[in-house]
Amino acid sequence: MIYTDAHLHLQDPRFSGQIDDIITTMREAGITRCVVNGTSPDDWPKVSELANRHPDLITPSFGLHPWKTPYHDDRWKETLLQYLDKHPDACLGECGLDRWMKNPDRQAQEEAFLFHLALAAERNLPLSIHVLKAWGWLINLLENHALPQRGFLLHSYGGSLETAKELLKLGAYFSFSGYFLSERKAGVREVFAQLPLNRVLLETDAPDMTPPDKYRPYLLSENTNHPANLPSIASGLSYYLQTSTATLVSHMNANFQRFFGVESKII
């Protein structure tokens, strides 16, 4: 089988010095397309470099993460546009809203998010959104602004079923990460079991969102998620959704192609 990863961070310093081996292992595991999400102008150059080195595998994505908004003035907006011009196949994100972080600057977060949202709507770009403890805030903004025709992605979705139903009406996709296979995340799995399969994607969010040990055939360190764990995550989710892994992966790859506009295939 072939697999697609809707959200990860190969540019992360925790992968430094290992990236070539990691990418080789990803390919050997059957991963044929992934979206590498930048989080600020500080790591966008590395995302760009990786996409240029591995164009058959990596789709680049550029965004300002809400955790990074306190550290960047408005010059990031012009820089973002420059990276989009360099990479016509690029996506937007990771961006979003976060009230879980300590002392969030809501105004700065909202301004940054709305810039991404307007750009995604104008250019109909795939948009990857991070949200923690800000679901009502997010829905209010989405309901009152233009949205990309292709929809948008809630990465590592951990919200309620009621919230998901509201987001579905607005065009949302939802990605499942391996961390949600832990015993205490049964509620999240129950939500995904009730979502339409044509709106679900798989992700690792590597090097974060590390799955439980039984779903971690590839180890880097205790708290570092290897991107090649994706097939095991797919197997785990298929068990909880009471479907075959082959059926699930077929849906995930079709959804990936529909949302990102990129076909995953063995080159």
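A short reminder: the numbers here are calculations on the coordinates, not readings from a lab. Owing to the predicted nature of the structure, the values given are computational and were not obtained by experimental measurement. With ideal geometry, Cβ positions are generated from the backbone for all residues, glycine too; neighbour counts draw on all protein chains shown.
Just the number: Rg to Rh for the stretch 44-131, Cα atoms, Kirkwood Rh, two decimals. Here Rg/Rh amounts to 0.98. Sorted fewest first by neighbouring Cβ atoms within 10 angstrom, Met101, Met209, Met252 come out as Met101, Met209, Met252. In terms of other Cβ atoms within 10 Å, Ser232, Ser238 run from fewest to most in the order Ser238, Ser232.
When exposed loop sites are taken as GluC sites (Glu not before Pro) in a DSSP loop with at most 16 other Cβ atoms within 10 Å, the longest stretch of the chain clear of them is 1-221. Max-minus-min Cα coordinates of the stretch 3-260 on each principal axis give 44, 42, 34 Å, with the largest extent listed first. Only lysine pairs 8 or more places apart, or on different chains, with alpha-carbon atoms under 22 angstrom apart are counted in the stretch 3-260, and they number 13. Across the chain, the longest run free of exposed loop sites, meaning trypsin sites (Lys or Arg not before Pro) lying outside DSSP classes H, G, I, E and B with no more than 16 other Cβ atoms within 10 Å, spans 134-264.
With a 10 Å Cβ neighbour count serving as the proxy for reagent exposure, in which order, fewest first, do Thr25, Thr69 appear?
Thr25, Thr69
Over the stretch 1-76, how many percent of alpha carbon pairs lie in each 10 Å bin up to the one with the longest distance? The calculated distribution, bin by bin, is 19, 50, 23, 7, 0.
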